[in-house]
1. From the phi angles alone, apply the Karplus equation (6.51, -1.76, 1.60; θ = phi - 60°) to segment 20-32 and give each ³J(HN,Hα) in whole Hz, x where the residue is Gly or Pro.
2. Size of the dipole of the chain about the Cα centre, Lys and Arg at +1 and Asp and Glu at -1 on the beta carbon, nothing else charged, in debye to 20?
3. Considering amide H positions built from the backbone, and no H for Pro or chain starts, which residues 5 or more places from L103, or on another chain, come under 5 Å of its amide H?
4. Give me, ordered by chain and number, the residues 5 or more places off T5 or on other chains with an amide H under 5 Å from its own placed amide H.
5. Please identify the longest segment of the chain free of exposed trypsin sites (Lys or Arg not before Pro), where exposed means a DSSP state other than H, G, I, E or B and no more than 11 other Cβ atoms within 10 Å.
6. Taking N as the number of residues in segment 99-163, what is its Cα Rg relative to 2.2 N^0.38 Å?
7. Express in nm, to one decimal, how much length is gained between T12 and E105 on full extension, taking 0.36 nm for each residue of separation and deducting their alpha carbon distance.
8. Based on the Cβ-Cβ distance from A128 to R28, what FRET efficiency comes out when R0 is 22 Å, to the nearest 0.05?
Amino acid sequence: MNILTLVAGTNTPSNSLTLANEFINGIRTIDGAETELIRLKDLSIEHFNLLHYKEDFVHEEDFIKIMNLIRRADGIVIATPIWNFGVPAHLKNILDRLGSFALDETRSVGTLNGKPFYLIFTGGAPVAAWTGLMKKTTSSVPEAIKYFGGSICSIHFEPRCTIGKGQFGLVVDKRPESLSHMNKEGIQFANLVKQFTKSGKLPVKQNITNKMYWFVRNVINKITN
């Protein structure tokens, strides 16, 4: 079982990276679990354009690396900061580029076959701002993943990632409750992925969510076509 972690944070030290590492520590306690972590800031990947959908397009080395890792992974974790109500551009670009291999030839049906995803967001605002606003402004991330055929198993938001008013910096390393929660979530996600690799089935909650998503999509397609 292989679980891939993509970290979109660019800072060192990084709150999203710190949480991701603790999540991975949890994963590694499960027998047979292998993990790989990639920081998107270390990759050189062109911004999306329609040429990337051409079958004869020669993708750059770093994108081929990401493509192969995503294909091979049994589960995927994405850890990202929220900047100005959205995610860093290089994460959005990866999602845009996914269409070159995670959609069928019609570019309308995802090919990730229910692959489990776990999303970790960090932000400077309180939980109320996440619930009331930022959950909506970052919704393109989980919605794109679902469009490509992935399954969102859970989303964690870490609030108030500031060392003072208007001062951003590493704070989660001093939050034992958050680190412990990430470790436990990593264990739970690894067990979910392990079960998915054996049975091809997700837990009831995620399975119902997926069915509802595809039901709504099919209704919309029938109305608009």
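Please treat every number below as a calculation from the coordinates, not as lab data. Only a predicted model underlies this, so the values are computations on that prediction, with no experimental measurement involved. Positions of Cβ are generated from backbone atoms using ideal geometry, with glycine treated the same way; all protein chains shown enter the neighbour counts.
1. 4, 5, 5, 4, 5, 4, x, 4, 5, 7, 8, 4, x
2. 820
3. Here T111 satisfy the definition.
4. E36, L37, I38, V77
5. 108-164
6. Details: Rg = 14.4 Å, N = 65, 2.2 N^0.38 = 10.7 Å.
The reported ratio for this selection is 1.34.
7. Here the answer is 29.5 nm.
8. The computed FRET efficiency comes out at 0.05.
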